[in-house]
Every structure is written in structure tokens, then in C-alpha cells.
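All remarks here apply to the structure that follows.
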Amino acid sequence: MKEIVSFFNNIGRTLPTITVIDIIDILLVAFVIYAVINLIHTTSAAKIAKAIILLLLLTLLTDLVNLHAMNYILDKILELGFVALVIVFQPELRRMLEKVGGRSITELLVKPSSADDTENAITQAVAACEIMSNEKTGVLIVFERDNSLEQICKTGTTVDAAVSQELIRNIFFPKASLHDGAMIIRNGRIEAAGCVLPLSENRHLSTDLGTRHRAGVGMSEASDAVVLIVSEETGTMSVAIGGMLKRHLAPETLERMLRKELIREQTNQENVFRRLLRKKKKTGGNDNAKT
């Protein structure tokens, strides 16, 4: 109990001494941590981050129990490891610095809204898939969410184009060079096509599922992406989310699911705003009637 009281007393004595410079320092550290977290969104980077944390914990543990030889070896590994990390993540660090240099302060602190672009991408993708479902053309479209799919994009061809059903149909046309791979949609735009996805190792998946479906499920297991799949054998439309596959979807159901998963937060905020406006109008109308 005394330790708790002493802890809060120390906080009470420290708070009045905090200056504007200290606040700026804290904000800068928070921004650096945020940038590092964004940098390690990819699965491979996350594994490396876990290994580094494990090494740090082992180093601390060996220091506490006085294992001097082991602690010395781990210290040297960490020293060399940070240099190796800079080399391994050199492309990612360069891209991050380029983004920082090419954006304003507002864009750095606030992620730009792309609800309209995402809504258009959903509408166009569903329309294209409905046509290709009738034609029994295979489709594999990945909608990126919070987890970065940069490494997956590198396996294909960069497109960087607005989403349209005509472009989607051209890319997945059976004789097109990119039709066998996956299309990645990021921030409402087609980022890349012809990409290679990791296959699911789930043994409980139905045996009648082909490589396209297993790749879609595998991508949803390795990230938080939403994957849209059209079978070239049966023409059925499916969606993979979080390792779960929902099959035999009608176009209306498919569009509703994509909207719920991809623009749920924006939709909820808009609905709250609309309800507040309607409530205000009703209140104003009643006041006028009483007057």
C-alpha cells in the first residue's frame, strides 16, 4: 500500500514540472513508435520483430541471473542485428522516408479517408464478378485493410489504376497474362495484379476446392484482408475473411458483405451524423409548431 501511495505522490510531484518541450518530446517518440508499427505490418517483418523482442528478453534475463558469457554473446548479436535490420529493411525504410518527405503534416498525422473510392471499388468489383460468374471466369481479388500487403504486391505487376469492371474483366480474361494471379485493391485502387498468394494449410477445407480458393483462404489467414473469389469450374462467388470461406453468394449478398467489412466504420459514423441531423430537424419543427 505504501508503494502505491509513494508512486502516486511521485507522479503528483512530476506533473507540474512537465514543460512544452517534454510534451513535444513525448509526441515525437509516440510518432516514431507508430511509424515502426506501420513498418512491421507485413507477416515477415512481424516475425522478425518477435525474434528481436525474444532476444531482448533473453538478454535481460541473463543479466539478472549473472550469466555473463551468455549475456555478452547476446549483446553482440543485438549489436550486429540492428545493423542487419537496416540492410534487410532498406527498401521499406526508403519508401517510408519518401512518403514522409512527400506528405504534409496533416496527411502524416491523419490517414486520408477513401470511403468513396472503396465504395466505388466494391460496386465495380461486384458488377464485374457477376458477369464473370455467368461466364465461369476465375477471379481472385484481395481488398487490403490494416495489414500491409506490400510483399504480396511485389510478386505481381504494378497497375496503380482506378477500379472499373472493364479493367477487372480484362485482367482476368482467360487469355490475359495476369489472369492466373490475384488482384490487390488498396485504398480503392488496383495496386497490382498477377500476384502470388500463400496457400492455406487448413486440412478441414472441402476437397473440391481448387488452388484459387485455397490461396484466397490462405491470404485471409495470413492477414486481415477480404478476398473475393469466383470459381472457373462452377461460377460460384465466395468471400474469405479470417480464414473462413463463405460460398455460393448472390451478388446482393456479396456486395452487402464487402460493404460491411470494408466501409463499416465510415458507414456507422455517417449514420450517427444523419440521425443527429434528423433529430435536430424534428426538434426544430416542434418548436416552431409550438410558437
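The values are calculated or read from the model by the stated rules, or taken from the named source; none is laboratory data. The structure presented is a predicted model; accordingly, all values stated were derived computationally and were not measured. Don't worry about glycine lacking a Cβ; one is built from the backbone with ideal geometry, like all the others, and counts go over all protein chains shown. Keep in mind that these areas ignore ligands, DNA and RNA; they rest on the heavy atoms of the full protein, side chains included. Shrake-Rupley method; radii C 1.70, N 1.55, O 1.52, S 1.80 Å.
Among the residues of the stretch 235-256, the ones that are of a type outside the set (Lys, Arg), without any contact (Cβ under 8 Å) to a residue 40 or more places away in the chain and open to solvent by 30 Å² or more (accessible area, probe 1.4 Å) come to 7 in all. Within the stretch 194-226, the set of residues being in a loop (DSSP other than H, G, I, E, B) and crowded, with 21+ Cβ neighbours inside 10 Å comprises Leu197, Ser200, Ser223, Ala225. Checked against (1) open to solvent by 90 Å² or more (accessible area, probe 1.4 Å); (2) modelled with pLDDT of 75 or more; (3) part of a helix (DSSP H, G or I), Leu74 passes all but condition (1).
Does Glu107 satisfy the condition of being at pLDDT below 70 and surrounded by 11 or more Cβ atoms within 10 Å (Cβ to Cβ)? Don't jump to the end; show me each part of the working.
On the way: at pLDDT below 70: yes; surrounded by 11 or more Cβ atoms within 10 Å (Cβ to Cβ): yes.
Against the criterion (at pLDDT below 70 and surrounded by 11 or more Cβ atoms within 10 Å (Cβ to Cβ)), Glu107 qualifies.
Screening Glu166 on (1) closer than 21 Å to Gly242 by Cα; (2) free of Cβ contacts under 8 Å to residues at least 40 places away in the same chain; (3) of a type outside the set (A, V, I, L, M) shows it passes everything except condition (1).
Checked against (1) closer than 30 Å to Lys260 by Cβ; (2) modelled with pLDDT of 75 or more; (3) not in a helix (DSSP H, G or I), Asn66 passes all but a single condition, namely (1).
Applying the criterion of being closer than 17 Å to Gly218 by Cα and of a type in the set (A, V, I, L, M, F, W, C) to the residues of the stretch 143-184, the residue that is most open to solvent (accessible area, probe 1.4 Å) is Ile152.
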